[in-house]
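Following: one structure in structure tokens, then a few remarks.
The values are calculated or read from the model by the stated rules, or taken from the named source; none is laboratory data. Nothing here was measured: the structure is a model prediction, and the numbers come from that model. Cβ coordinates were reconstructed from backbone atoms using ideal geometry, including for glycine residues, and neighbour counts include every protein chain displayed.
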Amino acid sequence: MKVLIVDDERAIRYSLKEILEMESYQVETAENGREGLQKAEKEKYDAIFCDIKMPEMDGTEMLSKLIEEGIETPVIMVSGHADITTAVDCIKKGAFDFIEKPLDLNRILITLKNATDKASLVKETKILKKKIYGKEMVGEAAPIGHLRDMIAKVAPTGASVLITGPNGSGKELVAQSLFQMSERSMMPFVEVNCAAIPPELIDSELFGHKKGSFTSAIRDHKGKFEQADGGTIFLDEIGDMSLAAQAKVLRVLQEKKLTPVGGDKEITVDVRVIAATNKNLQEEIAKGNFREDLYHRLSVIVLKVPSLDERKEDIPLLISHFSERICAENGHPAREFSPEAVKMLQERSWPGNIRELRNVVERLLILGGNPISTADVKDYVM
């Protein structure tokens, strides 16, 4: 593991360096915050020890710069002139921990181990999330750029979000992006396909049930809202939810409370709700199929996902992305699409949107030549 020591006192730098090297750490040093920042920008360190009082750039300024630049290395602040207020201020600004001089060997090693363990855990969590929510929002067209900007603004808030757009356009991916960029990203993300749950089971699925509340209720069951407590629930195809279930969802949004089927005690939940639909909910309200009060609760922010036909300039990028991913998933070498084949695919209509394009790319990779030609597109797509 590689550690950076930033301190204007030569004796401190080299004594700490010697201690850590004896513990098999790779150690580099810097004599002020400016030099330390430059090194942290160029090299990847597992941890940084940073003195507070230094010339040119002090430790708190260096810490702020590291955070501004998105450098996630754990920073352990060090000072011989500190008080509790300084320590608390550093932690609030993003430091991992604070150590006072004179330095204690055991405290140094324990703090460093805790810092590197936490960094490893955060890295593993990100890798795991990437595997689970690993789809990328690919594209450079103006509608996608606008959508990305909206997600970046909305995600850190606690606002309810309604995602609209045609089937296959990537509404689920938008919901996952909102979750990953939110302050609840370390908490549960629970997905519910409202269209896939039979009406007679929707109450039990969403709000849970108590043992014996109906024939097959052989044990207590936590509903999706309770499972998502502290995190985010994604209600996909909410336009297909029954009016009775809509009324209960509205109550949860208004009061943050629910009652399981067969239960007599209320359960308090703290859940951010993201909903999605391919229907025009204003029309569904006019038909009496959707509650207007629930619509207003859900649509604090409305994000429209463009159809693929509205962003055809992204089709070459998407073809390349899907081709690379599909080949990698199947352990096959990368395959190419001829420019003419890409142009032919770009010119056709895509009623099934992104989902249809991905399926077509996979079909061509299985059945087509290398590179995929216009003849392959004519034979297997057009």
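Some observations on this one:
- Some residue of the range 215-228 being under 21 Å from Glu284 (Cα atoms) and surrounded by 21 or more Cβ atoms within 10 Å (Cβ to Cβ): no
- Taken over the range 185-200, the criterion of being part of a loop (DSSP other than H, G, I, E, B) and either among the aliphatic types (A, V, I, L, M) or buried (at least 21 other Cβ atoms within 10 Å of the Cβ) (or both) is satisfied by Met186, Met187, Ile197.
- Of all residues in the range 16-52 being of a type outside the set (Lys, Arg) and loosely packed, with under 14 Cβ neighbours inside 10 Å, the one that is nearest to Leu66 (Cα to Cα): Glu41
Results for (1) assigned to a helix (DSSP H, G or I); (2) of a type in the set (D, E, K, R); (3) free of Cβ contacts under 8 Å to residues at least 12 places away in the same chain; (4) within 22 Å of Val161 (Cα to Cα), shown as yes or no for each residue.
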{"site": "Ala245", "(1), (2), (3), (4)": "yes, no, no, yes"}
{"site": "Asp264", "(1), (2), (3), (4)": "no, yes, yes, no"}
{"site": "Glu283", "(1), (2), (3), (4)": "yes, yes, yes, yes"}
{"site": "His296", "(1), (2), (3), (4)": "yes, no, yes, yes"}
{"site": "Glu313", "(1), (2), (3), (4)": "yes, yes, no, no"}
{"site": "Leu317", "(1), (2), (3), (4)": "yes, no, no, no"}
{"site": "Cys327", "(1), (2), (3), (4)": "yes, no, no, no"}
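- Among the residues of the range 205-226, the ones that are over 14 Å from Thr259 (Cα atoms) and not hydroxyl-bearing (Ser, Thr, Tyr) come to 5 in all.
- Residue that is farthest from Asp314 (Cα to Cα) [pool: residues in the range 339-382 that are assigned to a helix (DSSP H, G or I) and in contact with a Phe, Trp or Tyr (Cβ under 7 Å, 6 or more places away or on another chain)]: Leu367
- Number of positions in the range 285-294 that are outside any helix (DSSP H, G or I) and over 15 Å from Leu253 (Cα atoms): 4
- Residues satisfying the stated conditions in the range 150-175, i.e. exposed (fewer than 15 other Cβ atoms within 10 Å of the Cβ) and either under 15 Å from the mean Cα position of the chain (by Cα) or outside the structural domain of Phe290 (by TED's automatic domain parsing) (or both): Ala152, Lys153, Pro156, Thr157, Gly158
- Annotation: of all residues in the range 201-225 being of a type in the set (Val, Ile, Thr) and assigned to a loop (DSSP other than H, G, I, E, B), the one that is nearest to Met241 (Cα to Cα) is Thr215.
- Some residue of the range 92-109 being surrounded by fewer than 18 Cβ atoms within 10 Å (Cβ to Cβ) and modelled with pLDDT of 90 or more: yes
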